Amino acid sequence: MLRALDVPQKADVREMCALLGVLGEPDAPTRALCEEAWARLRPYAAPKMVSAQLPAAQLRSLVKGNDLTRHLAGCEEVVLFAVTLGAGADRALRRAQMGSVAMAAAMDAAASAMAEGCAAQAHALLRRSARERGLWLTQRFSPGYGDCPLSLQPALLRLLDAPRAIGLTATKDDLLLPRKSVTAICGQADHPVTGFLAGCEHCALRAGCRRRHEGRPCNGLAE
């Protein structure tokens, strides 16, 4: 499935502050900066998603680590999806780097929060579609969670035909381009499933994770 997504209108100030390293309730100037950064970025974001459904056995040979295996336990099918804000957002971020350092950082945080919001939107659409067919979808699991390495990214993009569908590729270091993009894996079953969100102990992103330092890690989040 290929479709455009809605650009979130309201700034996710809490998420932006976490990404900026601001803990607790932001003061008025910080909140104003976040809201202005969000407003500046919105016109350049053109979020799109692509998804694919396939037998879990087809993905099993590519699965790296135990955490993703546990996440897909009891699921005969998997749903893959990718979301990107598009190249326009990346260009806007590069231009911002030539101006105020604070605004450039805030816009980068806005783009990350916006991409995460679009990923949640895509997951909700897929979950609703599954329920209409009498199926259940787990929470989403991305490369970099737990012991699942980023090196899985190129294989996911190939399975999704993401380079052709939404212009999403991976660098030789397995980073996504455009940068503000998300890939995810969900298990699908004909009975209730939630999946398994890995803890922080073996996460590839542990060292710089603001969620962990703020005390609200991914495994504590519900969708």
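No value in this document is a laboratory result; all are computed from the given coordinates. Quick caveat: nothing in here was measured; it's all calculated off a predicted structure. Every residue, glycine as well, gets a Cβ built from its backbone with ideal geometry; the counts of neighbours run over all protein chains shown.
The loop-placed trypsin sites (Lys or Arg not before Pro) in the stretch 128-167, going by DSSP, that have at most 12 neighbouring Cβ atoms within 10 Å of their Cβ come out as R133.
Where in the stretch 1-65 are there trypsin sites (Lys or Arg not before Pro) that are in a DSSP coil and have at most 13 other Cβ atoms within 10 angstrom of their Cβ?
On the way: sites: R3, K10, R14, R31, R40, K48, R60, K64; in loops: K10, K64.
Loop-located and lightly packed - K10.
How large is the helix-only mean residue ellipticity at 222 nm for the chain, computed as the sum of -39500 (n - 2.57) over DSSP H runs with n ≥ 4, divided by its residue count, in deg cm²/dmol to the nearest 500? Let's see the in-between values first.
On the way: 9 runs with 93 residues, N = 223.
When only DSSP H runs of four or more count, the value is -12500 deg cm²/dmol.
When its C-alpha radius of gyration is set against 2.2 N^0.38 Å (N residues), the stretch 39-85 gives a value of 1.62.
Close amide H partners of F196, meaning residues 5 or more places away or on another chain with modelled amide H under 5 Å apart, are H71. The base-10 log of I(q)/I(0) for the stretch 17-116, evaluated at q = 0.14 Å⁻¹, reads -0.70 [Debye formula, identical scatterers on Cα atoms, solvent excluded].
What net charge is computed for the residues neighbouring P143, neighbours being all others with C-beta under 14 Å from the C-beta of P143, Lys and Arg scored +1, Asp and Glu -1?
Numbers: positive: K64, R140, R158; negative: D67, D147, D173, D174.
It works out to a net charge of -1.
The angle separating the long axis of helix 28-41 from the principal Cα axis of greatest extent in the chain is about 60 degrees. Roughly speaking, what is the centre-to-centre gap between the stretch 60-138 and the stretch 161-189 when only Cα atoms are used, to the nearest Å? Spelled out, the Cα-based centre of one part sits 9 Å from the other.
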